[in-house]
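Trainee: Take a look at the following structure, please.
Readers should treat all values here as calculations from the given coordinates under stated rules, not as data from a laboratory. Not measured: the values here are computed from a predicted model. Cβ placement follows ideal geometry from the backbone for every residue including glycine, while neighbour counts extend to all protein chains displayed.
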Amino acid sequence: MKLAKRITAIVAIALFAATSVMAAQGGNPKKGKYLFKKHCKRCHVAGAEGGELTPLSKTMSQWDRFFKRDKHKAKPEIWGKFKEKDLKDINQFLYDHAADSDQPETCG
Ligand code: HEC
């Protein structure tokens, strides 16, 4: 029983470490902000086809999930136009200023 508990704890720690590594990091948020304004905002302001979208629209984990799994499935062709690195930068910017981040930000 004791051993089982210990194993559970180790697995929990390992999973936690793995997910923190997977979280957005390594992108350039300044470049991401520029790219978001330039490429995403044209469809993502109030009244435009994609609807208003700011970093605050999602939480940090929601942004990561969006970039990893969803990949803009509402309009998948959009994603094909971006380089992997640019998406990483945009992901970083949105993540850094997400609703539950240290520096939530509406501009973008
Ligand atoms: C050509 C227009 C267009 C561009 C450019 C565009 N989008 Fe979208 N986006 C859409 C449309 C249309 C939807 C679907 C909106 C809906 O379902 O109401 C959408 C949906 C989304 C959603 C889902 C919204 C939600 O509530 O979960 C996110 C997040 C998103 N886009 C992010 C981005 C990001 C980030 C970029 C830039 C890398 C981008 N979009 C560029 C048109 C666009």
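Trainee: If you average 1/r across every pair of different Cα atoms in the stretch 25-108 and take the reciprocal, what Kirkwood value do you get, in Å?
Mentor: This gives a value of 12.6 Å.
Trainee: Sticking with this one: Sort 45-53, 86-94 by the packing proxy (mean of other Cβ within 10 Å over each peptide's residues), most packed first.
Mentor: Ranked from most to least packed, the peptides come out as 86-94, 45-53.
Trainee: So how strong a dipole does the stretch 25-108 carry about its Cα centre when Lys and Arg Cβ are +1 and Asp and Glu Cβ are -1, to the nearest 20 debye?
Mentor: Its charge dipole is roughly 400 debye.
Trainee: Do the alpha carbons of any pairs in Lys37/Lys68; Lys5/Lys88; Lys5/Lys58; Lys58/Lys83 sit beyond 26 Å of each other, and which pairs?
Mentor: Table pairs above 26 Å Cα-Cα are Lys5/Lys88; Lys5/Lys58.
Trainee: Let me ask something else about it. Per-residue HN-Hα couplings for the stretch 40-46, Karplus 6.51 cos²θ - 1.76 cosθ + 1.60 at θ = phi - 60°, whole Hz, x for Gly and Pro?
Mentor: 3J(HN,Hα) across the stretch 40-46, in whole Hz: 9, 4, 4, 9, 10, 10, 3.
Trainee: Would you please give the residues with an amide H less than 5 Å from that of Gln25, counting only those at least 5 places away or on a separate chain, with H modeled from the backbone geometry?
Mentor: When sequence neighbours closer than 5 places are left aside, there are no close amide H contacts.
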